[in-house]
């Protein structure tokens with residue numbers, strides 16, 4: 001893990017080591033039919049996680065880890081941040097299904113109680129109220145031919 005001096009808008013990024021394969025090369029080598037998995041691990045090299053210390057997510061995670069070092073929620077958030085950096089940097093996660101479950105857990109934590117939950121016995125149709133009785137029709141726009149004097153496709 002390194003503190004980045006080049007990140008401005010992202011919380012973190014995952015980069016290849018100096019002599020390691022890029023994300024695209026790694027993907028190509030994994031796709032080879034007779035690829036040697038031992039050499040794949042060797043040539044993959046070490047990945048470097050560069051973090052942006054000024055990003056709000058990193059600041060919040062830092063505060064959460066300092067306040068409660070044994071917090072499982074903070075550990076899961078850091079793990080999800082790494083997996084997200086893995087994907088956004090072009091690498092393939094080892095277990096996409098596990099990543100999906102982590103995302104679902106974080107969504108449940110973030111959205112818990114915000115939109116309200118229906119009671120198990122309540123009828124969902126009775127809670128819905130129509131916003132307005134007006135119907136809205138889509139405007140249909142007919143296609144028209146546009147020609148310019150310098151149209152290179154018309155000769």
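The values are calculated or read from the model by the stated rules, or taken from the named source; none is laboratory data. Model, not experiment: these values are computed from the prediction. Cβ sites come from the backbone with ideal geometry, for glycine too, and all protein chains shown count toward neighbours.
General remarks:
- Condition broken by residue 41, with the remaining ones in (1) at pLDDT 90 or above; (2) assigned to a helix (DSSP H, G or I) satisfied: (1)
- Spans of helices (runs of 4 or more DSSP H) in the range 62-155 with at least 1 residues at pLDDT 55 or above: 72-88, 96-111
- Verdict on residue 53 being touching a helix residue (DSSP H, G or I) at 6+ places or on another chain (Cβ under 8 Å), on the phi < 0 side of the Ramachandran plot, loosely packed, with under 14 Cβ neighbours inside 10 Å and assigned to a loop (DSSP other than H, G, I, E, B): yes
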